[in-house]
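Here's the structure, in structure tokens; my notes come after.
The values are calculated or read from the model by the stated rules, or taken from the named source; none is laboratory data. Predicted model only: the values in this text are computed from it and were never measured. So basically every Cβ, Gly included, is an ideal-geometry build from the backbone, and we count neighbours across all protein chains shown.
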Amino acid sequence: MASELNIQICIDVLSTDELTQQERDAMLLAQETAKDAYAPYSNFLVGAALVLEDNTMFKGSNQENAAYPSGLCAERTALFAMSAHYPNKKIKLIAVAARRRSEQHFLSAMPCGACRQVMAEYEHKQGEPIPVLMHGPEGNFYRLRSVSDLLPFQFNKEHL
Ligand code: THU
């Protein structure tokens with residue numbers, strides 16, 4: 001019989017009170033930053049906040065374009081801009097918040113595949129896990145301990 005490989009992913013499901021102060025601050029910044037999204041086509045507003053190793057924060061929102069594929073997600077906007085400004089700083093946390101323009105509540109939306117791949121690159125580069133915080137269903141939060149939980153079996157530069 002063929003053997004089986006089972007992968008376990010651990011997600012912390014947390015109430016607001018169970019977040020650290022820094023996680024709350026990062027989530028608040030992600031939520032605030034979603035307001036700045038340039039999303040005239042989808043009206044889907046996404047904000048991402050990065051907490052860096054020196055506890056400073058860096059933000060990004062999704063940037064759309066009339067030539068649709070030229071736009072970029074909030075997570076990659078934040079990550080690329082951060083890495084361009086501070087190429088050697090490590091990332092301690094990525095917080096993401098997404099909502100429809102017509103609604104105030106934030107959705108339980110997961111980062112897309114391309115953003116997971118980019119997050120994985122920086123996690124691999126820094127050699128330390130990057131936790132990812134996002135809204136879960138029913139007003140709670142999901143915290144993954146590492147990007148590899150979002151993207152198992154990832155392709156990275158060791159494969160080249
Ligand atoms: N979007 C993000 O910013 N992050 C994701 O992980 C998923 C999708 C953006 C891209 C586009 O501007 C809008 O949401 C609708 O897909």
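From the list ALA97, ALA78, ALA49, exactly one residue is assigned to a helix (DSSP H, G or I) and surrounded by 17 or more Cβ atoms within 10 Å (Cβ to Cβ). Which is it? Spell out the reasoning first.
Working: ALA97 fails: assigned to a helix (DSSP H, G or I); ALA49 fails: assigned to a helix (DSSP H, G or I).
The unique qualifying residue is ALA78.
Is it true that ALA109 is within 16 Å of the ligand (Cβ to nearest atom), at pLDDT below 95 and surrounded by fewer than 17 Cβ atoms within 10 Å (Cβ to Cβ)?
Considered against the rule, which asks whether it is within 16 Å of the ligand (Cβ to nearest atom), at pLDDT below 95 and surrounded by fewer than 17 Cβ atoms within 10 Å (Cβ to Cβ), ALA109 comes out as yes.
Report, by residue number, each residue of region 89-100 that is farther than 21 Å from LEU150 by Cα and more than 11 Å from the ligand (Cβ to nearest atom).
Result: LYS89, single match.
Taking the residues in region 73-88 that are of a type in the set (A, V, I, L, M, F, W, C) and near the ligand (Cβ under 10 Å from one of its atoms) as candidates, determine which candidate is nearest to GLY127 (Cα to Cα).
Among those residues, the one meeting the criterion is ALA78.
Could you list, ordered by first residue, the pairs with Cβ atoms under 6 Å in which the first is in region 22-44 and over 15 Å from ALA95 (Cβ atoms) and touching a residue at least 60 places away in the same chain (Cβ under 8 Å) and the second is within 15 Å of the ligand (Cβ to nearest atom) and assigned to a loop (DSSP other than H, G, I, E, B), at least 6 apart or interchain?
That search, which allows pairs on different chains as well, returns ALA39/ASN62; ALA39/GLU64.
Quick check on region 118-160: of everything there that is in a loop (DSSP other than H, G, I, E, B) and among the polar types (S, T, N, Q), which residue is nearest to ALA49 (Cα to Cα)?
Ranking the candidates gives SER146 first.
Looking at (1) free of Cβ contacts under 8 Å to residues at least 60 places away in the same chain; (2) assigned to a loop (DSSP other than H, G, I, E, B); (3) out of contact with any strand residue (DSSP E or B) (no Cβ under 8 Å at 6 or more places or on another chain), find the lone condition where ASP17 falls short.
(2)
Anything in region 100-117 that is part of a helix (DSSP H, G or I) and in contact (Cβ under 8 Å) with a residue 40 or more places away in the chain? List them, or say none.
Once the filter is applied, which keeps residues that are part of a helix (DSSP H, G or I) and in contact (Cβ under 8 Å) with a residue 40 or more places away in the chain, region 100-117 yields ALA114, CYS115.
LYS35 - would you say it is within 18 Å of the chain's Cα centre (by Cα), within 16 Å of the ligand (Cβ to nearest atom) and exposed (fewer than 13 other Cβ atoms within 10 Å of the Cβ)?
Answer is yes for this residue.
For the list (1) at pLDDT below 95; (2) over 18 Å from the mean Cα position of the chain (by Cα), I need the number of the one condition that SER42 fails.
So the condition that SER42 fails would be (1).
Please find, within region 52-66, the residue that is nearest to ALA78 (Cα to Cα) out of those that are within 13 Å of the ligand (Cβ to nearest atom) and not in a strand (DSSP E or B).
ASN62
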